[in-house]
Amino acid sequence: MQNAALAALGLSDWTYQRLPVPPELFEETVRGLPGSGFAGANVTIPHKEAALAVATEVTPEARAIGAANTLTFTAEGAIEATNTDGFALLQVVPEGGRALVLGAGGSARAAVWALKQAGADVTIWNRTPERAIALGEEFDAWPWTADQPTDTLVNCTAIGLDEADDPFSELPITPELLERSQLVVDLAYGAHETGLVRAARAAGVQTVDGAEILVRQGALSLTHWTGLEAPLDVMRAAVAAR
């Protein structure tokens, strides 16, 4: 996706590559990247909180979310951290209304932040209720209960990564809840449509899948590094081809 975008922008001397890094070597690796010619890095599980800690400059959004997925290395030697996950979600969620976030991990933090920025009343569900309570206390949200309707539902769990996952048996939702919703966003993505997205579409509910969020957050990261507007259509096509 990123290499397709770089090629479309004419940045033939740039390349995007995968760097598997164990947690114990994360800080050492990040500090060595600028000297190796890197302009920045995307950071994924399990390093998003560590990325925030290693940064010398942190955007208010990343600080509020408590995790970073994008690092930018400046000519002055700074390591800037931001979180494009939250901004990607902010591009697709409506203003106001009632929202339910499923999960309480790093992506859930970004989702809650984005929904609060959009003025939504946010509720949170997690398999471990204490985690939902703790996250809610940080963001002025509250734990979800089964009798609460929702306008926007955001799945931040791993349910859906496996094509056989059944959202109605593995998540605390019902067909009736989906039918009353206006938008379902599923951050899980792969080579298949998730069961949650499939069920929401069957119910006539607007959906945004994980591939679209992947493209949008990646595009925002690319703009951070290059200063250029990312070619969204090129990036979408690259993801679809995979």
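I need a count of the residues in segment 124-140 that are surrounded by fewer than 20 Cβ atoms within 10 Å (Cβ to Cβ) and under 18 Å from residue 172 (Cα atoms).
Within segment 124-140, residues that are surrounded by fewer than 20 Cβ atoms within 10 Å (Cβ to Cβ) and under 18 Å from residue 172 (Cα atoms) number 6.
Counting only residues that are part of a strand (DSSP E or B) and in contact with a Gly (Cβ under 6 Å, 6 or more places away or on another chain), which one in segment 119-142 is modelled with the lowest pLDDT? Steps first, please.
Residues of segment 119-142 part of a strand (DSSP E or B): 121-125, 142.
After this cut, where a residue has to be in contact with a Gly (Cβ under 6 Å, 6 or more places away or on another chain) as well, the list is 124, 142.
Values: 124: 97, 142: 93.
The residue in question is 142.
Do you know which of the residues in segment 1-31 that are in a loop (DSSP other than H, G, I, E, B) and under 19 Å from the mean Cα position of the chain (by Cα) is nearest to residue 218 (Cα to Cα)?
From segment 1-31, those in a loop (DSSP other than H, G, I, E, B) are 1, 9-22; that's our starting set.
Okay, now just the ones that are also under 19 Å from the mean Cα position of the chain (by Cα), so 1, 18.
Values: 1: 8, 18: 14 Å.
The qualifying residue nearest to residue 218 (Cα to Cα) is 1.
Pull out all pairs, ordered by first then second residue, where Cβ-Cβ is under 9 Å, the residues are six or more apart or on different chains, the first lies in segment 224-242 and is over 17 Å from residue 87 (Cβ atoms), and the second is at pLDDT 95 or above and not hydrophobic (A, V, I, L, M, F, W, C).
As it stands, the answer is 236/212; 238/2; 238/3; 239/212; 239/218, since those pairs meet every condition given.
Determine whether segment 74-95 contains at least one residue that is closer than 16 Å to residue 154 by Cα and in contact with a strand residue (DSSP E or B) (Cβ under 6 Å, 6 or more places away or on another chain). Working first, answer last.
Within segment 74-95, the subset closer than 16 Å to residue 154 by Cα is 85-95.
Next cut, in contact with a strand residue (DSSP E or B) (Cβ under 6 Å, 6 or more places away or on another chain) only: 92-93.
Yes, the conditions are met somewhere in segment 74-95.
Given the conditions (1) surrounded by 15 or more Cβ atoms within 10 Å (Cβ to Cβ); (2) among the aliphatic types (A, V, I, L, M); (3) more than 30 Å from residue 140 (Cβ to Cβ), and given that residue 19 satisfies all but one, which numbered condition is not satisfied?
(1)
Taking the residues in segment 32-46 that are aliphatic (A, V, I, L, M) and in a loop (DSSP other than H, G, I, E, B) as candidates, determine which candidate is surrounded by the most Cβ atoms within 10 Å (Cβ to Cβ).
Restricting attention to segment 32-46, the residues satisfying the condition of being aliphatic (A, V, I, L, M) are 33, 39, 41, 43, 45.
Okay, now just the ones that are also in a loop (DSSP other than H, G, I, E, B), so 33, 39, 43, 45.
Numbers: 33: 16, 39: 15, 43: 25, 45: 10.
Ranking the qualifying residues of segment 32-46, first place goes to 43.
Please find, within segment 143-158, the residue that is surrounded by the most Cβ atoms within 10 Å (Cβ to Cβ) out of those that are free of Cβ contacts under 8 Å to residues at least 40 places away in the same chain and within 13 Å of residue 103 (Cα to Cα).
Narrowing segment 143-158 to residues free of Cβ contacts under 8 Å to residues at least 40 places away in the same chain: 143, 145-147, 158.
Now narrow it down to the ones that are within 13 Å of residue 103 (Cα to Cα): 143, 158.
On the way: 143: 17, 158: 14.
Per the stated criteria, the residue is 143.
So, residue 63, is that one without any contact (Cβ under 8 Å) to a residue 60 or more places away in the chain, farther than 17 Å from residue 156 by Cβ, of a type in the set (D, E, K, R) and surrounded by 15 or more Cβ atoms within 10 Å (Cβ to Cβ) or not?
On the way: without any contact (Cβ under 8 Å) to a residue 60 or more places away in the chain: yes; farther than 17 Å from residue 156 by Cβ: yes; of a type in the set (D, E, K, R): yes; surrounded by 15 or more Cβ atoms within 10 Å (Cβ to Cβ): yes.
For residue 63, the condition - without any contact (Cβ under 8 Å) to a residue 60 or more places away in the chain, farther than 17 Å from residue 156 by Cβ, of a type in the set (D, E, K, R) and surrounded by 15 or more Cβ atoms within 10 Å (Cβ to Cβ) - is met.
Just give me the residues in segment 23-47 being without any contact (Cβ under 8 Å) to a residue 60 or more places away in the chain, under 25 Å from residue 110 (Cα atoms) and either in contact with a Ser or Thr (Cβ under 9 Å, 6 or more places away or on another chain) or outside the structural domain of residue 227 (by TED's automatic domain parsing) (or both), in sequence order.
Within segment 23-47, 41, 43 qualify.
The values are calculated or read from the model by the stated rules, or taken from the named source; none is laboratory data. All values reported here derive from a predicted model rather than from experimental measurement. Virtual Cβ from ideal backbone geometry, glycine too; neighbours counted across all protein chains shown.
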